[in-house]
1. On a C-alpha basis, how far is the centre of the range 347-425 from the centre of the range 1-42 in Å? Whole number, if you could?
2. If you scale each eigenvalue of the Cα gyration tensor by 5 and take the root, what three semi-axes come out for the range 3-239, rounded to whole angstrom and sorted largest first?
3. Figure the gain on full extension for Glu448 and Leu503 (residue separation times 0.36 nm, minus the Cα-Cα span) and round it to one decimal in nm.
4. Taking a probe of 1.4 Å, how large is the accessible area per residue of the chain, in Å²?
5. Per-residue counts of other Cβ atoms within 10 Å, averaged by peptide: what ranking do you get for 400-407, 197-204, 573-580, 446-453, highest first?
6. Counting only helical runs of four or more DSSP H residues, what would the 222 nm mean residue ellipticity of the chain come to if each run contributes -39,500 (n - 2.57) and the total is spread over all its residues?
7. Can you tell me the length gained on complete extension of the stretch Ser220 to Glu547, counting 0.36 nm per residue apart and subtracting the Cα distance?
8. Quick one: if you take sqrt(5λ) for each eigenvalue of the C-alpha gyration tensor of the range 446-588, what semi-axes come out, biggest first, whole angstrom?
Amino acid sequence: MCGIIGYIGERPACEVIVRGLKRLEYRGYDSAGIVTEENGELFIRKGAGRIDELTGKLGFLEMPGKRGIGHTRWATHGVPNDINAHPQRDCTGKIALVHNGIIENFAEIKEELLSKGHRFESDTDTEVIAHLIEEELKSSESFEEAMRRALLRLKGSFALGIIYTGEPDRLYFVRNESPLVLGIGDGENFAASDVPAFLEYTNRAIFLDDREYAVVTKDSYVVKNLDTGETVEKPIHEIEWTLEMAEKAGFPHFMLKEIYEQPRAIRDAIHGNADVIRTVAEEIAKYEKIFIVAMGTSYHAGLVGKYLFQRLAKRVPVVEDASEFRYEFDDLVDEDSLVIAITQSGETADTLAAMKLAKRKGAKVLAIVNVVGSMATRIADLTLYTHAGPEIGVAATKTYTTQLTVLTMLAIELARVLGTADESYLNALEEGLNAIPELVESVLKHDESLRELAESLVDRRDFFYIGRGISVPTALEGALKLKEISYIHAEGLSAGELKHGPLALLEDGVPVVAIAPSGRTFDKMVGNMEESRARGAFVISLGDRGELKRLSDVLIEMPETDELLTPILYAVPLQLIAYHLAVLRGNDPDKPRNLAKSVTVE
Ligand code: F6R
């Protein structure tokens, strides 16, 4: 996730852009840059670092011109450094652009452009777009035509702001699977990834839809369909948010916003890894001995990974809490081992220590990380990114479901490489995964009823979360989310374990959340739900089977999907239950007591 802000009007563009970038910093903050134009010349200043620091160091506020575009970056391709910061430009220096998203087919386009003599400065997928437009311009009648022709070749997600010296009065903005909004002013216009970036100047906004682009001058705008080139009529929305509300896109907390971002985040995780997953799977197929190390929510993702690897690739990883791994496995890990470290921040002390130990012992280390350029990516031999964008709320939500997405892709591909599962089943599973963002959207529609459910449970002191098979980690994760932000005691466990002790704690009204998707162990779950109800428990079930109604006090109806994909989908209502309980109990879910986003001490 990155932030884009564009301005064209009578004010010094750099001032509007710097203020906008500050408001977009929550979307990414590893580097930033600005392009402005005056008298047919482009001025570009950019670098790694936070906006405030760069504003002083690079003199952002001294840039000339009344039109320009700014960008705050959250790296996806290429480490965060001065060269990879946006804007990126073409060989002639006449076209500059900024980008939010991921171009899946950039490698093949780059190769083609290199063979035609283009010279690249950065490692980014973004720079390819500038050169591709430059190339298309050679045989196009107008810049707009060249831009369209270039964009039609791109696969992936992209929101773009584009400036061209040959057309002094306009800017172009494009949206495909990454957000972009126009701000309509009086004798000036704006465009941004999000409304807060321009809300202090205008509250009139036009939300571009996917595969639309806008040609914006200071007094006019026109929106067109990218595929047909035809003009599209767009309504103007009057935004009624305050600035503070707008930073959270109207959500009261970052956590809720991040829960709602999951369809987009999962899509980006799929797109962002589509090209690289095969190579990684081929590499890890060489290892029989697999360890997965992580902490907290990432550890739960590791447990889901274990089920996926077992079922699909017939490999049985050992999943270990990284703080334990360091002391218990140092003589078991060796050069025949693969260690998969899962960490959203890439900075968790115990996980980093486990990775370093693995490296010392000669093991191959694969990291699954959200933060590009973080320490974990520097220690690992191989890295897969989750592409969730920055997560501000302390409780992991979208970073968890994107970790699961990447692990699912990896297990599917590993099974292909090893030939351990039927190809038609793997294809169907992959299709199922591609449909998950839409299913998550449908699950988010339960939000209001989950809030009402939370209201009825606000005074309960203990919760139990139960599941079987691949739903055990979902139960653990549901309990962890509840504990950390609502401060209610909760236990997650395998439903089979109930009878071996915890059942003694069940009494009238104790909530038992049963994760009960269709699958191998559904019938067994039915038995566990019956035994819980017989002890007076208040059973809340999550599942896709009608008979759950009879067995539950409350049924959260879930869409059907393959059992192996349910951990992604079922995490969402559990996050919402925890969120609402936290808010109803007067807690700030974004900043739970005693907890930090990155645990950089052991
Ligand atoms: C819980 C949570 C933590 C983290 C854990 C590991 O919501 O966020 O349990 O999952 O601290 O952090 P990373 O993934 O950054 O290594």
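1. The range 347-425 and the range 1-42 have Cα centres separated by 33 Å.
2. On the way: eigenvalues 111, 91, 54 Å².
Computed over the range 3-239, the values are 24, 21, 16 Å.
3. Details: separation 55, 0.36 × 55 = 19.80 nm, distance 3.09 nm.
Gain in length upon complete extension: 16.7 nm.
4. On the way: 22250 Å² over 602 residues.
Using a 1.4 Å probe on heavy atoms only, each residue of the chain averages 37 Å².
5. 400-407, 573-580, 197-204, 446-453
6. -11500 deg cm²/dmol
7. 111.9 nm
8. 21, 17, 14
The values are calculated or read from the model by the stated rules, or taken from the named source; none is laboratory data. Computed from a prediction, not measured in an experiment: that's the story for all the values here. Backbone-built Cβ (ideal geometry, glycine too); neighbour counts: all protein chains shown. Only protein heavy atoms, including side chains, enter the accessible area calculation; ligands, DNA and RNA are left aside. Shrake-Rupley method; radii C 1.70, N 1.55, O 1.52, S 1.80 Å.
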